[in-house]
Amino acid sequence: MTKKTKNSTKVALVGTGATAAAAGSTASAVVGGSAATIMSATSGTLGAAIASTAGAAGTAGAASIASGMAAIGGVVGGGMATGAIITAAAPVVVAAGVIYGISRLFD
């Protein structure tokens with residue numbers, strides 16, 4: 001008897017792998033780096049845009065992004081590098097969740 005794997009399960013596995021890849025790629029670029037290294041590794045990304053919205057009020061540009069990444073990382077006990085990893089992985093998680101939800105409708 002052959003058991004068929006549901007499409008939503010396949011989507012979940014691919015989404016998990018993509019999230020791990022995004023987090024791992026960002027982590028290799030930012031862990032142990034200076035603030036300048038972290039900023040250059042994440043500049044122009046959706047993660048930087050997310051971080052800037054969480055930045056300290058009254059700041060702009062790099063200061064907003066840096067404080068936002070530090071604030072997001074601080075939620076889980078980390079710092080700016082942790083925030084950079086979280087903000088890099090967040091869009092992938094959201095996209096995978098949406099695709100997973102849509103695939104569940106058709107299973």
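The values are calculated or read from the model by the stated rules, or taken from the named source; none is laboratory data. These numbers come from a predicted model, not from an experiment. Cβ sites come from the backbone with ideal geometry, for glycine too, and all protein chains shown count toward neighbours.
What the table below lists for this structure:
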read-out: Residue match in the stretch 12-33 (condition: in contact with a helix residue (DSSP H, G or I) (Cβ under 9 Å, 6 or more places away or on another chain), free of Cβ contacts under 8 Å to residues at least 24 places away in the same chain and among the polar types (S, T, N, Q)); value: no
read-out: Residue among 63, 51, 57 that is loosely packed, with under 15 Cβ neighbours inside 10 Å and either assigned to a helix (DSSP H, G or I) or touching a strand residue (DSSP E or B) at 6+ places or on another chain (Cβ under 9 Å) (or both); value: 63
read-out: Members of the stretch 72-98 that are farther than 17 Å from residue 27 by Cα and surrounded by fewer than 16 Cβ atoms within 10 Å (Cβ to Cβ); value: 75, 94, 95, 97, 98
read-out: Qualifying residues in the stretch 60-74 (those that are within 17 Å of residue 36 (Cα to Cα) and of a type outside the set (A, V, I, L, M, F, W, C)) - the one modelled with the lowest pLDDT; value: 61
read-out: Lone qualifier among 12, 22 - being within 12 Å of the chain's Cα centre (by Cα), at pLDDT 85 or above and under 30 Å from residue 105 (Cα atoms); value: 22
read-out: Of all residues making up the stretch 16-32, the number that are surrounded by fewer than 16 Cβ atoms within 10 Å (Cβ to Cβ) and either of a type in the set (Val, Ile, Thr) or not in a helix (DSSP H, G or I) (or both); value: 3
